[in-house]
Every structure is written in C-alpha cells, then in structure tokens.
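Values quoted throughout were computed directly from the atomic coordinates according to the rules given, and no laboratory measurement underlies them. Bear in mind the structure is a predicted one, so any value in this text is a computation, not a measurement. No Cβ is skipped: glycine too gets one built from the backbone with ideal geometry, and neighbour counts run over all protein chains shown.
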Amino acid sequence: MDIKVNTRVLNDKAQAVEVQGEIDVYTSPRVKETINELIEKGHYQLVINLEGVRYIDSTGLGVLIGALKKVREHSGRILLVCTNPQIKKIFNITGLVKIFEIFKDEDEALQILANAG
C-alpha cells in the first residue's frame with residue numbers, strides 16, 4: 001500500500017508528477033494533494049508519469065479527472081505517461097483514453113507540449 005509521489009521541473013512550461021505504487025482509496029489523497037499543490041502554484045502543464053504504477057482504482061481515476069478539470073480552467077493540460085498494459089486497459093475500458101492524452105514516455109509528451117506552445 002505504499003506510494004511514492006515526486007515532482008520535478010521538466011522545462012520552463014511543464015512539471016512532472018512521478019507516481020510509483022498503487023493509486024487506490026488509501027493512497028489517492030497523497031496524489032491529489034501533490035497535484036493540487038502544483039496547480040495552486042500556477043502550474044497548469046502537467047506530465048503525470050504512471051510508469052511505476054501497478055494498480056489504479058476508481059478513486060485514483062477520479063483524482064486524475066478532477067486534476068484535469070482544474071488545469072483546463074486555466075487552459076492547461078495533463079499528459080499521462082503510461083505503457084503498462086493493465087493500466088492502459090483501465091483507461092480504455094472506462095473510456096478515459098478519449099479525454100486523457102497518453103504517451104509512451106516523457107520525451108514524447110514534452111514534444112507535444114513544445115509543439116502546442
């Protein structure tokens with residue numbers, strides 16, 4: 001039930017949120033708090049790296065959706081980095097693949113942000 005959430009600056013536009021472990025009803029508040037702190041500080045371009053995530057439940061998905069709504073209020077974006085087939089399957093089954101931009105690595109996500117701005 002351990003979770004690690006780290007943030008770092010990617011470039012002058014984007015912040016990375018790196019999550020490792022399981023995002024569930026017990027650990028979601030930690031993820032939400034970290035993302036909300038970034039948004040409150042005016043960071044609206046977020047790359048959330050889910051490479052180290054082994055499991056995500058509906059609570060975790062809710063945190064990501066809530067964060068997406070908040071950054072969109074400021075014309076921001078959330079780009080997810082995920083290659084784990086089980087996690088990607090959850091995004092496909094729930095239809096969230098249609099609202100989240102999902103990339104194979106941070107470089108690919110950064111390229112999209114660079115081209116947008």
Going fewest to most other Cβ atoms within 10 Å around each Cβ, Ser75, Ser58 line up as Ser75, Ser58
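Could you tell me what % of all Cα pairs in the range 1-50 have separations over 13 Å? Present the calculation step by step, with values, prior to reporting the outcome.
Details: 640 of 1225 pairs.
Tail of the P(r) past 13 Å holds 52 percent of the pairs.
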Tilt, helix 58-72 to longest principal axis of the chain (alpha-carbon atoms), in degrees rounded to tens, equals 10
Cα-based Rg then Dmax for the range 47-109, in Å, read 11.1, 31
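Please find the FRET efficiency linking Ser75 to Glu33, where r is the Cβ-Cβ separation and R0 is fixed at 30 Å, and quote it to the nearest 0.05. Don't skip to the answer; put the middle values down first.
Numbers: r = 23 Å, r/R0 = 0.78.
For R0 = 30 Å, the calculated efficiency reads 0.80.
Using R₀ = 30 Å, calculate the FRET efficiency as 1/(1 + (r/R₀)^6) where r is the Cβ-Cβ separation of Arg54 and Lys13; round to 0.05.
Working: r = 30 Å, r/R0 = 0.98.
Once the sixth-power term is evaluated, E becomes 0.50.
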Rg (one decimal) and Dmax (whole number) from the Cα set of the chain, in Å, equal 12.9, 38
Answer in debye to the nearest 20: the dipole magnitude of the range 1-115 about its Cα centre, from +1 Lys/Arg and -1 Asp/Glu charges placed on Cβ, is 300
Helix 85-94 sits off the longest principal axis of the Cα atoms of the chain, rounded to the nearest 10 on a 0 to 90 degree scale, by 80
Beyond 25 Å (Cα-Cα) in this structure, taken from Lys41/Lys69; Lys13/Lys69; Lys13/Lys89; Lys41/Lys104, we find Lys13/Lys89; Lys41/Lys104
Non-local residues with an amide H under 5 Å from the amide H of Tyr55, with H modelled 1.01 Å from N and Pro and chain starts lacking one, are Ile23
